[in-house]
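Participant: Below: one structure in structure tokens.
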Amino acid sequence: MKKKRELMNRREFLRESTLVGTVLLLFGSPASEDSDSSNDNEPIHQYGMGIQVDKCIGCGQCVDACKRENDVPREPFFFRTWVERYIILIDGTAQVDSPNGGSEGFPEMVAENEIMRTFFVPKLCNQCANPPCVQVCPVGATFITKDGVILIDKDYCLGCRYCIQACPYGARFLNPVTSTAEKCTFCYHRLSRGLKPACVEVCPTEARIFGEIGLRSSLLARFMRFNKVQVLKPHLNTEPKIYYANLDGEVR
Amino acid sequence: MENLIEQLQPILKQVVGYIYPNEVELHWGILIVVYPYITGLVAGAFILASLERVFEVKEVQPTYRLSMLTALAFLIIAPLPLLAHLSYPERSIEIFLTPQLKSAMAMFGFVYAWYLMIVLMLEIWFDYRKDIVYWARSKKGWRKYMYYLLSLGSLDLSEKAIRFDRKAGKFITIIGIPSAFLLHGYVGFIFGSVKANPWWSSVLMPIVFLFSAIVSGIALMILIYGVTTLFRWKPIDMACMDKLASFLLYAMILDISLETLDFIHRMYESVESIHILGQLISQKLFISLVVIQILLGTLLPLGSLASVKLFRLPDELRRLIYFGAAILVQIGIFSTRWNVVIGGQLFSKSLRGLTHYKMELLGIEGLLISIALLFLPLFVLYIIIKILPPWPEAATTPLSSIAKESSQ
Amino acid sequence: MLNFRFRPELRMPGWKSIPFPDQIKRLLIIFIILVIMLITVRNYLMPPTFVKEGHYRAAAIDSILALPIHYAGQEACSECHDEYVALKQTSYHQNVACEVCHGPGANHVEDPSENTPSAPRQRGLCPLCHIYNASKPTGFPQINIVTHNPLEPCMSCHEPHDPKPPQPPEECGACHGEIARTKAVSHHAALECTQCHSAPEAHKKDPRSFRPSKPRKRTFCGGCHGENAESAGEIPRVDLQSHEPDHACWQCHYPHYPEVR
């Protein structure tokens, strides 16, 4: 794992340096000292989240807490996280809904004797290791930190919305107050204070498990050890760091 | 913000099936439709101009300078819809400060600067230099100084200097053709490279964009050449018109073949997204795709242009057909852009539902601004023509004789 | 005539000796001026912390880290309210953080006297989790809020920090609502759960450690559905010897909603 990361870093580094080099040649750079030298002694984290689909009760506490913690507008068009309900009928068709992101409960949709199986699925930014949103941002206003979290620089974002188009998971939206792109940050401001993301904090059934990838003893490690996990839309090679246990094939 | 919420609330009721909650707001509106449409016209007009220059198609020679100026006028306006669409237009300078080199959109600044400064401006300058010098000498008052400034003080009209102008112009045109391909192919790439969106994600996208650009550019030049000639009370050069119409026909055949290939390929591969895209076409895009883009914008002009080839028709009727076809082609290509940009956002990336686009009338993202942006290039073109008249009678030496010289 | 000419050829003696045509030389001057301007402007406007850690403004991370928190986290609560945290620790609500019910409490931690978190005592909050919904995982305690002690505040029977039912639930459907509802509209509607399952008393207190029994043999179903069973005449019959002898009945027929096809 570690070796793979190092290899990745070196490859990334080579690619970056050739590209940056070209630009430096073109423009010259005011801040040209290279930063990849690891002089800081902080351990490198790799944050990730496990989701136990079988434990989600669709209470919407996570959606509500996320909006409060991150001052997300309450209107039903802006969500850093939301909960979807899947109902697969006897005839095999699937019905999906997420009224107000699932924050106000789920009214009965179909008669129970028509249901084959049904469950809730929490969704959020997948914090991809190969993030299409970072790839398309023209100015570097959205970026991946050393600990694998993708953040947005709201004071630098143009509001071109290309990242919103590029996200396969619908995890991004345009904050109507700042007019910049926004999405889940794993509550980055909480992590540095030793706290869990707000959604994880309030989940009453431990359906969400937050932790560091690569540690041997942690809630996330136990989750990864005992479950067959799946990521969303693996064919797009975004390499998400949100891992779902017992995920149904209907979930996209 | 209240305004936005008011707009989104009724859309929520029009959603069919399931869409991710963040997808209710449609992010790229009509301004982003206008942008590829305008750059398409630039690339198309330029490629038409290079036909005369590089491939020496003598018949379209009357449109050479006009096409160059049209391309310039439209190129000057091209970034405006993009800027107007940004939340923070003033931050657009960041694209030059810290371009993120993996981003297709970051390349816009560079592609644009290259095309505007190196290709179009230079080619026009080399082509016009001797006329500019002539006007700097013959005009009076402030005009004299303006032309002098435009000449950059390069007043040498010796045989050698003129020959260099011609050679440089031709060289730039040769660079210019791949550049025009780059400019518009790149716009197609912005959409074609979005793997999250099955309606956009296609390797053919840049090529389809390019050929539809050529189609729209030629059609535009038929209109502009025709209208300007009529307003100047000059006879329309029918040989030129016929040639333009032929090129339009050929370009359309290529364009429709590519689009059909794309369509058949999608149908035959029939991947996960095929159901929602089928719904998209039959429910949301039926009018703009099937009726306007295919029937009115492609098949009807294609048929009428082909009929001109088959039957011997009088000049007057041919002109009418060409004009009609060119107008229909413009409408068709505009709805092509609409179907790509808006169509690509009307279905959910969950592939489970469709949303709705409600265009504003007023406001920055509204219809009126878009119409203004579509006509603004014509106004710019009017000013450019005032400064650098492309007409043969305005030039120092008849252009035809120069063309003759160059072919010798 | 033209008296303000830009004539470098007059001022620069070497102009003529540069081996480019006149036009190129003039264009090059403009080009060089533009490039120098671009570089100057870029150096001037470039954000100071860019490219320090990657292709982004490192300062942006600082401003994100500086954002205020709203949820203090359970550990902060336990510093003062350890009796509730201890009570909760062994209860069904052990994984339910304080702020789920009491709301975000960061400002309360900062200034306990000024900001009091909410303490919901009405019926509204508990159903967020405990209202019946078919999509919830089975076994999760769910009630029908219309029939379950209507209008009574939940707290009058259940202590929220240690929410045991006041007496062991009479009905299995209190927790297994989805099964109870499915069965209620099936041909097995009239059957009691105990017809097929026997639940040890301890299951009602510690459901995961003490599991109810399930029938294991074909002959159990055969007790009613067998050819020779002594049961009501309208009950469908099968020949246990010949009907799918290799499989148990529930491998095809869902006992809570048994259908022939």
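Values in this text are rule-based calculations from the coordinates and carry no lab data. Predicted model, so just to flag it, every value in this text is computed and none were measured. Positions of Cβ are backbone-derived with ideal geometry, glycine not excepted, and every protein chain shown enters the neighbour counts.
Participant: Provide the net charge surrounding residue C:83, with neighbours chosen by a C-beta distance below 13 Å and charges set as Lys +1, Arg +1, Asp -1, Glu -1.
Facilitator: Values: positive: C:88; negative: C:79, C:82, C:159, C:162.
Once positives and negatives cancel, what remains is -3.
Participant: Test of understanding: in a Gaussian network model of chain C with alpha carbons linked when under 10 Å, which of C:127, C:236, C:163 would top the mean-square fluctuation ranking?
Facilitator: C:236
Participant: Under a plain spin-label model, where a point goes 7 Å from the Cα along Cα-to-Cβ, how far apart in nm are residue A:146 and residue C:65?
Facilitator: 1.0
Participant: Under a 5 Å amide H to amide H cut-off, with H placed in plane at 1.01 Å, what residues pair with residue A:173 once short-range neighbours are removed?
Facilitator: Amide H neighbours of residue A:173: A:182.
Participant: Okay, moving on. Can you give me the span-like helices of chain C, meaning DSSP H runs with 30 Å or more of Cα extent along the axis and Kyte-Doolittle mean at or above -1.0? Mind showing how you got there, number by number?
Facilitator: Details: long enough: C:22-45 (35 Å, 1.59).
Helices meeting the criterion: C:22-45.
Participant: Contact order normalised by length for the range C:215-261, with contacts defined as Cα pairs under 8 Å and 6 or more residues apart; what percent is it?
Facilitator: On the way: 31 pairs, mean separation 14.1, N = 47.
This gives 30 percent for the range C:215-261.
Participant: Would you mind counting up the charge near residue B:357? Only other residues with Cβ under 15 Å from its Cβ, with Lys and Arg at +1 and Asp and Glu at -1.
Facilitator: On the way: positive: A:161, B:13, B:284, B:337, B:358; negative: B:23, B:25, B:360, B:365.
That sum, taken over residues with Cβ under 15 Å, equals +1.
Participant: Considering Cα pairs under 8 angstrom that are at least six residues apart, work out the relative contact order of the range C:122-196 and quote it in whole percent. Don't skip to the answer; put the middle values down first.
Facilitator: Values: 60 pairs, mean separation 23.8, N = 75.
Once divided by the residue count of the range C:122-196, the mean separation gives 32 percent.
Participant: So which DSSP H runs in chain B come out at 27 Å plus along the axis (Cα) with average Kyte-Doolittle of at least 1.0? Please list the in-between numbers first.
Facilitator: On the way: long enough: B:30-54 (35 Å, 1.75); B:159-192 (48 Å, 0.61); B:205-231 (38 Å, 2.20); B:238-269 (46 Å, 0.73); B:315-341 (39 Å, 0.71); B:367-387 (31 Å, 2.74).
Counting only whole DSSP H runs, the qualifying helices are B:30-54, B:205-231, B:367-387.
Participant: Find which of B:350, A:61, C:225 sits farthest along the positive direction of the dipole of the protein assembly as shown, computed with +1 on the beta-carbon of Lys and Arg, -1 on that of Asp and Glu, about the Cα centre.
Facilitator: In the protein assembly as shown, that residue is B:350.
Participant: Applying 1/(1 + (r/R0)^6) with R0 = 45 Å to the Cβ-Cβ distance of residue B:283 and residue C:80, what FRET efficiency is obtained, to the nearest 0.05?
Facilitator: So, using R0 = 45 Å, E works out to roughly 0.15.
Participant: Roughly how big is the range C:215-261's charge dipole about its Cα centre, with Cβ charges of +1 (Lys, Arg) and -1 (Asp, Glu), in debye to the nearest 20?
Facilitator: On the way: 5 positive and 7 negative charges, 39 e Å.
That gives a dipole near 180 debye.
Participant: Using a Gaussian network model of chain B with C-alpha springs under 10 Å, which one of B:111, B:215, B:194 is most mobile by mean-square fluctuation?
Facilitator: It is B:194.
Participant: Scan around residue A:97 for amide H atoms under 5 Å from its own, H built in the peptide plane at 1.01 Å from N, and keep only partners 5 or more places away or cross-chain.
Facilitator: A:85
Participant: If Lys and Arg each add +1 and Asp and Glu each add -1, what is the summed charge of the other residues whose beta carbon sits under 10 Å from the beta carbon of residue B:49? Please list the in-between numbers first.
Facilitator: On the way: positive: B:53, B:65; negative: B:52, B:123, B:127.
Spelling it out: positives minus negatives among the neighbours equals -1.
Participant: Which of C:172, C:101, C:80 ends up with the largest GNM mean-square fluctuation for chain C, with Cα atoms connected below 10 Å?
Facilitator: C:80
Participant: Of B:144/C:25; B:102/C:52; A:55/A:228; A:228/C:164; A:183/B:13; A:233/C:183, which ones are farther than 26 Å apart at the Cα?
Facilitator: Listed pairs above 26 Å: A:228/C:164; A:233/C:183.
Participant: Right, here's the next one. Counting only C-alpha contacts under 8 Å and six or more residues apart, can you give the relative contact order of the range B:129-210 as a whole percent?
Facilitator: Details: 60 pairs, mean separation 16.0, N = 82.
About 19 percent, as a whole number.
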